[in-house]
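Asks: Pasting a structure here, questions to come.
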Amino acid sequence: MKILVDDLLLLARLETGGNPGHGDWVDVPELLSGLLEEGRLLSGVRHHRITLEAEPGLMVFGNEKELRSAFANLLANAINYTPDGGDVGLEWSADASGAHLRVRDTGIGIEAQHIDRLTERFYRVDTGRSKSRGGTGLGLAIVKHVLMRHSARLSIDSEPGQGSTFTCSFPPGIVHRSGLDRHWKTA
C-alpha cells in the first residue's frame, strides 16, 4: 500500500508541475551504470542478460531524481516481462534529433491495440499476469510525465512474442557532450 501511495503522490506532483525546476547536467551514462547493477539484482535467479551501451559524456539537462525514476521503471518493466534467461539492453546515444535512451527486451511483447494506452494510470494489458509481477500500474504514467517535464517523448515498439523497445527521446536543446573519454559498454 505504501508503494502505491508513494507512486500516486509522485505522479500527482509530476502532473501539477511544469518544468523540472532545479535542474543540472545529468551524467546519464553514470546514472545508467548504477541502474544496470540494480537491474541485475532485480533479475536475481532469473538470470537475464542485462547490457548497457552508452555514449561517453552524453548528458541531459534535467532533474536527476525524476530521470532516475523514469529509467528505473522502464528497466524494471523490461526485466519483469522478459522470461528467465532473456535479454534486456540499455542503449544511450545521440543523433541530430537529440539523445535517445532505448530499453529493449526479448520479453512477451505487447499487442498493438494496447500500446497507446500503456501510459494511462492503472492500465494493464493482462491484469492477472501484471498483478502477479507486482507493481502499481503507475510506472509508465510516471515515465510519461517525467519525460513531458523534460520536453522529451516516449515511443513504444512491440510485437507479441518478439519483445519490446521503449525509447525516450530528448530534444537537442537539453543535450550536451562533455569531454569525458570513459566508455560505458558492459555485458
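The values are calculated or read from the model by the stated rules, or taken from the named source; none is laboratory data. Only a predicted model underlies this, so the values are computations on that prediction, with no experimental measurement involved. So basically every Cβ, Gly included, is an ideal-geometry build from the backbone, and we count neighbours across all protein chains shown. With ligands, DNA and RNA removed, areas are computed over all heavy atoms of the protein, side chains included. Shrake-Rupley method; radii C 1.70, N 1.55, O 1.52, S 1.80 Å.
Residues are listed down the side, and each one gets a yes or a no for (1) under 22 Å from D27 (Cβ atoms); (2) of a type outside the set (S, T, N, Q); (3) at pLDDT below 90:
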| residue | (1), (2), (3) |
| --- | --- |
| G86 | no, yes, no |
| H100 | yes, yes, no |
| I108 | no, yes, no |
| E111 | no, yes, no |
| T119 | no, no, yes |
| R124 | no, yes, yes |
| R129 | no, yes, yes |
| L138 | no, yes, yes |
| V143 | yes, yes, no |
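Asks: Out of all the residues in the range 166-187, which are polar (S, T, N, Q) and either modelled with pLDDT under 95 or under 16 Å from V125 (Cα atoms) (or both)?
Replies: Once the filter is applied, which keeps residues that are polar (S, T, N, Q) and either modelled with pLDDT under 95 or under 16 Å from V125 (Cα atoms) (or both), the range 166-187 yields S178, T186.
Asks: Then there's this: What pairs can you find where one residue is in the range 65-77 and without any contact (Cβ under 8 Å) to a residue 60 or more places away in the chain, the other is of a type in the set (G, A, S), and their Cβ atoms are less than 7 Å apart, with a gap of 6+ or different chains?
Replies: Listed by first residue and then by second, the contacts come to L75/G39.
Asks: Restricting attention to the range 21-43, report how many residues are open to solvent by less than 80 Å² (accessible area, probe 1.4 Å) and part of a loop (DSSP other than H, G, I, E, B).
Replies: Matching residues across the range 21-43 total 2.
Asks: Kindly list, by first and then second residue, each pair from a residue in the range 44-58 that is part of a helix (DSSP H, G or I) to a residue that is open to solvent by 50 Å² or more (accessible area, probe 1.4 Å), limited to pairs with Cβ atoms under 7 Å and residues at least 6 apart or on different chains.
Replies: Qualifying pairs under 7 Å: R46/D84.
Asks: Quick check: anything in the range 61-71 buried (at least 21 other Cβ atoms within 10 Å of the Cβ), in contact with a Lys or Arg (Cβ under 9 Å, 6 or more places away or on another chain) and of a type in the set (F, W, Y)?
Replies: no
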